[in-house]
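The values are calculated or read from the model by the stated rules, or taken from the named source; none is laboratory data. No experiment lies behind these values; they were computed from the predicted model shown. Here the Cβ positions follow ideal geometry from the backbone for every residue, glycine too, while neighbour counts run over all protein chains shown. Accessible surface is based on the protein model in full, side chains and every heavy atom, while ligands, DNA and RNA are left aside. Shrake-Rupley method; radii C 1.70, N 1.55, O 1.52, S 1.80 Å.
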Amino acid sequence: MKNAEIISKKPVTDGLLDYERAYKEFSWEAIKKDICIRNNKVNIAYEAIDQHAQSWRKNKVALYWEGADGTCQKYTFLEMKKLSDKCANMLRTLGVRKGDRVFIFLPRLPELYISMIAIAKLGAIAGPMFSAFGPDAVRDRLHNSEALVLITTPELKERIETVLWELPKLEHIVLVNVKEDYELEESDVCYKTLMKDTPDKFEMEWMEWEDPLYILYTSGTTGKPKGVTHVHNDMISHSITTKWVLDLRDDDVYWCTADPGWVTGTVYGLWGPWLNGISSYIYDGRFDAAKWYEIIQTFKVTVWYTAPTALRMLMKDGDDLVKKYDLSSLRYICSVGEPLNPEVIRWGLKVYGLPIHDNWWQTETGSIMIANYPCLPVKPGSMGKPFPGIKTAIIDGKGNELPAGQHGLLALKPGWPSMLRKVWGDEKRFKEYFSINGWYATGDTAYKDEDGYFWFVGRADDVINTSGHRVGPFEVESALLEHRAVAESGVIGKPDAERGEIIKAFVVLHEGFAPSKELEEELKKFIRHRLAAHAYPREIEFCTNLPKTRSGKIMRRLLKARDLGLPTGDISTLED
Ligand code: AMP
């Protein structure tokens, strides 16, 4: 166990001051008391926006937005209320009602955030998607959820044009950033035109706590991505985890670098900070170390929530670059999504003068479950301790709890407010999460040390984590098979210093096709285009066959062991 090193910094927080006491005395019911309840009904959009628009915070900036081209805009809570009311009215005129699915395929534009709030106000269900998605990824999500409306841009619509005919339930496409000479198709509407003549007052739908709020699709080992569904009740977890883990307070300028296509960008890029009335900065540009430091300097960012890959890339760009910027506004840094290397934490301490607080959670858990807190020492390499109200355990395959130091499955006791409520249209998959003696099985392996800190070991399945993106090998294999040259494929995650893992594909070609550098590049491009920019295999190896079980399943474990020169383990089920 690697728990000797401890980084202890005096807390500068007025948030969580005594972890042990909070854990012991914690009650979700007590958190609920701050939420506005009307006839036992609620709405997260009221809590996040409208209540602030009616309070002393009404002229406080909710959103500082910067486009990729450097355009800056800001929106107060009152402006966000009016715009989301308008947008909700607009969507209602298109026929959107409570429970309908409205999917969003946008870059990180203000309209993305405004429509997320509007959809909640309508009682509809939002489906945010990465703008890097290709047509297959978009089709699968809209098809599975039977989405009624898609909000996108003309450029992104063009990218998915080929699959739109496969979506008979999709009634309208709302287009953002339409140029004057753009010719709208009959089923399309222009966001700007419709918003112009729409009233900025909307009677929001008051919801049951358990009514769905958003769906995010996430990868497993088999099958297409699953529609993890969350509800308004999640706000109880969102607000308190934001306060205690991200340590936000009223005078902060907070920057979450995640896109809402990933759960972190939805929960902690949008709901969490606004439930707490915090000013949030959003950048719609790509990663660039100098630009990122400039953002912190210009906007005087105080709390920064980012990911290990980004931090590793910043580290690669060196200490000298850091010195060119005034980063003195920063007071707190958090990281999530992949294991955070101790080396990165030590580097962060050296160049930013602050420890980086790792935390752990998943799309399914809906909020942070294990974290490092301002009031506790950081053990570099550890994910930290369970959030108050969360019972976390290391279990064996039968659900028995294992003692400190022993590796096992990371499991959670069901019942926290933001736990997934269903997998859209797949009850069987939902139940599988709880199949080990009633525990919620996370799919990760870990261990706990004597002080109660949790340490990540790996995934218990084949799911790949590349730069924090969760990618199912099956999705990539299936997409590869759609290329005319590919007969079979097996996909694994290969350790990588910068990205955590990269995707590697083993490909068997059809007769008449020969391996070549050109074909390799063509396949990479094919997957980038069909699936998503983050989901393409950076390495492709052509081979003549793939190891399979007697029942015909590709043995990815064996592919990986052979590739990495590791022991192959039990191969009794291997076909000849
Ligand atoms: P996602 O649902 O896409 O956010 O992916 C969740 C998965 O990311 C977890 O099951 C872990 O495998 C991984 N993950 C998230 N946070 C951490 C962390 N702090 N350390 C290690 N792995 C993490």
Which of the residues spanning region 546-563 are open to solvent by 70 Å² or more (accessible area, probe 1.4 Å) and either of a type in the set (Phe, Trp, Tyr) or at pLDDT 85 or above (or both)? Arg557, Arg562
Selection over region 229-247 where residues are open to solvent by 10 Å² or more (accessible area, probe 1.4 Å) and more than 16 Å from Trp361 (Cβ to Cβ) yields a count of 1
Mind checking which pairs have a first residue in region 468-481 that is within 23 Å of Leu340 (Cβ to Cβ) and a second that is of a type in the set (Gly, Ala, Ser) and in a helix (DSSP H, G or I), Cβ under 8 Å, 6 or more apart or different chains? His469/Ala535; Val471/Ala535
Hey, can you tell me all the residues within region 427-461 that are more than 12 Å from the ligand (Cβ to nearest atom), open to solvent by 50 Å² or more (accessible area, probe 1.4 Å), in contact (Cβ under 8 Å) with a residue 12 or more places away in the chain and not in a strand (DSSP E or B)? Arg429, Asn437, Glu450, Asp451
Restricting region 86-96 to residues that are of a type outside the set (Val, Ile, Thr) and over 26 Å from the mean Cα position of the chain (by Cα), the residue that is nearest to Ile173 (Cα to Cα): Leu94
Filter region 359-375 for residues that are within 9 Å of the ligand (Cβ to nearest atom) and in contact with a Leu (Cβ under 8 Å, 6 or more places away or on another chain) and give the result. Thr363, Glu364, Thr365
Output for region 465-503, where each listed residue is open to solvent by less than 10 Å² (accessible area, probe 1.4 Å) and within 19 Å of Pro547 (Cα to Cα): Gly472, Pro473, Val476, Leu480, Val486, Ser489, Gly490, Val491, Ile492, Gly493, Ile503
Per-region count, region 465-474, residues within 22 Å of Ala561 (Cβ to Cβ) and either more than 10 Å from the ligand (Cβ to nearest atom) or assigned to a helix (DSSP H, G or I) (or both): 4
Has region 341-348 got at least one residue that is within 24 Å of Lys74 (Cα to Cα), acidic (Asp, Glu) and open to solvent by 30 Å² or more (accessible area, probe 1.4 Å)? no
Sort through Ala310, Ala289 and tell me the only one that's under 14 Å from Thr257 (Cα atoms) and more than 20 Å from the chain's Cα centre (by Cα). Ala289
Does region 213-228 contain at least one residue that is out of contact with any strand residue (DSSP E or B) (no Cβ under 7 Å at 6 or more places or on another chain), assigned by TED's automatic domain parsing to the domain that holds Thr306 and free of Cβ contacts under 8 Å to residues at least 60 places away in the same chain? no
Among Asp197, Asp211, Asp181, Asp234, the single one that is within 19 Å of Ile368 (Cα to Cα) and of a type in the set (Asp, Glu) is Asp234
Checking Leu170 against (1) in contact with a helix residue (DSSP H, G or I) (Cβ under 7 Å, 6 or more places away or on another chain); (2) open to solvent by 10 Å² or more (accessible area, probe 1.4 Å); (3) part of a helix (DSSP H, G or I); (4) under 22 Å from Gly95 (Cβ atoms), which single condition isn't satisfied? (3)
Please tell me if Gly399 is open to solvent by less than 30 Å² (accessible area, probe 1.4 Å), away from the ligand (no atom under 16 Å from the Cβ) and out of contact with any helix residue (DSSP H, G or I) (no Cβ under 7 Å at 6 or more places or on another chain). yes
Among Gly500, Gly490, which is the only one that is touching a Lys or Arg at 6+ places or on another chain (Cβ under 9 Å), under 17 Å from Arg538 (Cα atoms) and away from the ligand (no atom under 16 Å from the Cβ)? Gly490
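Yes or no, residue by residue, for (1) of a type in the set (A, V, I, L, M, F, W, C); (2) assigned to a loop (DSSP other than H, G, I, E, B); (3) within 16 Å of the ligand (Cβ to nearest atom):
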site: Asp234; (1), (2), (3): no, no, yes
site: Ser239; (1), (2), (3): no, no, no
site: Trp274; (1), (2), (3): yes, no, no
site: Phe287; (1), (2), (3): yes, yes, no
Within region 506-537, the residues that are basic (Lys, Arg) and either touching a Phe, Trp or Tyr at 6+ places or on another chain (Cβ under 7 Å) or surrounded by 14 or more Cβ atoms within 10 Å (Cβ to Cβ) (or both) are Lys524, Arg528, Arg530
Failed condition for Lys379, given (1) within 15 Å of the ligand (Cβ to nearest atom); (2) touching a Leu at 6+ places or on another chain (Cβ under 9 Å); (3) of a type in the set (Lys, Arg): (2)
For region 15-26, which positions are in contact with a Pro (Cβ under 9 Å, 6 or more places away or on another chain) and assigned to a loop (DSSP other than H, G, I, E, B)? Gly15, Leu16, Leu17, Phe26
So which residues in region 324-343 are outside any loop (DSSP other than H, G, I, E, B) and either near the ligand (Cβ under 10 Å from one of its atoms) or at pLDDT 95 or above (or both), if there are any at all? Tyr332, Ile333, Cys334, Ser335, Val336
Unique residue being under 19 Å from Ala88 (Cβ atoms) and surrounded by fewer than 24 Cβ atoms within 10 Å (Cβ to Cβ) when the list is Val163, Val189: Val189
Leu566: outside any strand (DSSP E or B) and at pLDDT below 90, yes or no? yes
For region 296-307, name all the residues that are more than 16 Å from the ligand (Cβ to nearest atom) and closer than 30 Å to Lys121 by Cβ. Phe299, Val301, Thr302, Val303
Residues of region 308-323 being closer than 26 Å to Gly15 by Cβ and either open to solvent by 50 Å² or more (accessible area, probe 1.4 Å) or within 13 Å of the ligand (Cβ to nearest atom) (or both), in sequence order, are Pro308, Leu311
Within region 415-426, residues away from the ligand (no atom under 11 Å from the Cβ) and open to solvent by less than 30 Å² (accessible area, probe 1.4 Å) come out as Trp416, Pro417, Ser418, Met419, Val423
